[in-house]
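Here's the structure we're looking at; comments come further down.
The values are calculated or read from the model by the stated rules, or taken from the named source; none is laboratory data. In this text the structure is predicted, and so the values were computed from the model without any measurement. In this analysis, Cβ positions are derived from the backbone assuming ideal geometry, glycine residues included, and neighbour counts consider all displayed protein chains.
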Amino acid sequence: MLTSWIIYNGTLPGTKFERQANLITQAAEPLGIQTETFRNDDVRFLLPLDESFDALPHAVFFFDKDAALAERFEASGCLTMNRSDVIRLCDDKVAQTLAFQRANLPIPETIIAPKSFPKSVTLSDEALRVVTERLGLPLIVKEAHGSFGMTVYFIETFEALRRKVDALVGRDFLFQRYVKESHGRDVRVNVVGGRVVAAMKRTSDCDFRANVTNGGRAEVVVLTEEERTLAIRAADAVGATFAGVDLLYGASGPLVCEVNAAAHIENIYKTTGINVARPMLDYVREVLR
Ligand SMILES: Nc1ncnc2c1ncn2[C@@H]1O[C@H](COP(=O)(O)OP(=O)(O)O)[C@@H](O)[C@H]1O
Ligand SMILES: [Mg+2]
């Protein structure tokens, strides 16, 4: 019998992470796949896996960005979804940008900020002028790490840019052209094993960010062929077998915003009725056959 574990982040408040796990369990039952759910901060993970557990599962689903834990499962021979290197890459918007550029994907024009340290001096006004002359204002500043739009900032003036950049000294971030056609709307595409399995359009009336957690609402959307192909290419560019791809509405076609390697599947389920866990489980069965 195929066994799979589901890992979610237990260090965060709320129950939505557990609810994702339940969606997998529900889809696994009729397939005869055994599932067990764990928090990443389960004390048993503090010791070597083979000391804490009699048997490890065939596959581990990560609804979490704990790449180090994923890597430990891989070292013990488990299939992880996504792989630890993919989780790590997708947790870094700077690294993702470089992967999209290597794959020649359309993205909003992006300038990567120089690496700095907590004790570094801030970027000069001259540097910021190069950025604003190139990208215009308003522009978007994104930290390398963050979810739910929490570390994505809409910057309207040079002074606001100055303040934000000063505040981000020591952190990795990037500057991005603001795609005004996409203000308050984007498309979330779930890709599993190189196939589009579900998609929704997200719209917000109160924020430039369309994230549902940020007040956006979701509806079913029929993708254009261009959007479909781009989402698959974006997932492929970062090596994700399970991906939540965010696409922006560009003036002349879709643009890749980001790929989530630990994409939540609850909102897409509520919106489309599609439990993405099913194709994920089918994929794992196929690979482990
Ligand atoms: N360059 C941009 N122009 C306009 N809107 C953007 C841009 N980048 C991101 N957004 C909006 O902000 C949201 C959050 O950005 P995203 O890169 O997906 O970060 P997060 O990982 O926090 O979801 C996107 O879903 C989109 O609605
Ligand atoms: Mg996003």
For the range 217-289, please list each of the strands (runs of 3 or more DSSP E) lying entirely inside it that holds at least 2 residues being of a type in the set (G, A, S) and not assigned by TED's automatic domain parsing to the domain that holds K65. 242-250
For the range 74-109, what are the residues that are buried (at least 19 other Cβ atoms within 10 Å of the Cβ) and assigned to a strand (DSSP E or B)? T80, M81
Please work out which residue is nearest to M200 (Cα to Cα), limiting yourself to the range 250-283 and to residues that are within 13 Å of ligand 1 (Cβ to nearest atom) and surrounded by fewer than 19 Cβ atoms within 10 Å (Cβ to Cβ). G250
From the options R202, R217, residue that is free of Cβ contacts under 8 Å to residues at least 24 places away in the same chain and surrounded by 21 or more Cβ atoms within 10 Å (Cβ to Cβ): R202
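Each row is one residue, and each column tells you yes or no for (1) away from ligand 2 (no atom under 16 Å from the Cβ); (2) farther than 27 Å from A113 by Cβ; (3) free of Cβ contacts under 8 Å to residues at least 24 places away in the same chain.
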{"site": "F148", "(1), (2), (3)": "no, no, no"}
{"site": "F154", "(1), (2), (3)": "no, no, no"}
{"site": "E181", "(1), (2), (3)": "yes, no, no"}
{"site": "G184", "(1), (2), (3)": "no, no, no"}
{"site": "G193", "(1), (2), (3)": "yes, yes, no"}
{"site": "F208", "(1), (2), (3)": "no, no, no"}
{"site": "V222", "(1), (2), (3)": "yes, yes, yes"}
{"site": "T241", "(1), (2), (3)": "yes, yes, no"}
{"site": "P254", "(1), (2), (3)": "no, no, no"}
Sole exception among (1) within 24 Å of R83 (Cα to Cα); (2) in contact with a helix residue (DSSP H, G or I) (Cβ under 7 Å, 6 or more places away or on another chain) for R289, by number: (2)
I'm trying to understand the selection: among the residues of the range 1-31, which are crowded, with 20+ Cβ neighbours inside 10 Å and among the β-branched types (V, I, T)? I6, I7, I24
Out of L247, L223, I need the residue that is farther than 27 Å from H145 by Cβ, at pLDDT 95 or above and touching a helix residue (DSSP H, G or I) at 6+ places or on another chain (Cβ under 9 Å). Which one? L223
Tell me yes or no: at least one residue of the range 47-54 is surrounded by fewer than 19 Cβ atoms within 10 Å (Cβ to Cβ), within 19 Å of the chain's Cα centre (by Cα) and outside any loop (DSSP other than H, G, I, E, B). no
Take the residues of the range 142-188 that are farther than 19 Å from T97 by Cα and within 14 Å of ligand 1 (Cβ to nearest atom): which is surrounded by the most Cβ atoms within 10 Å (Cβ to Cβ)? I155
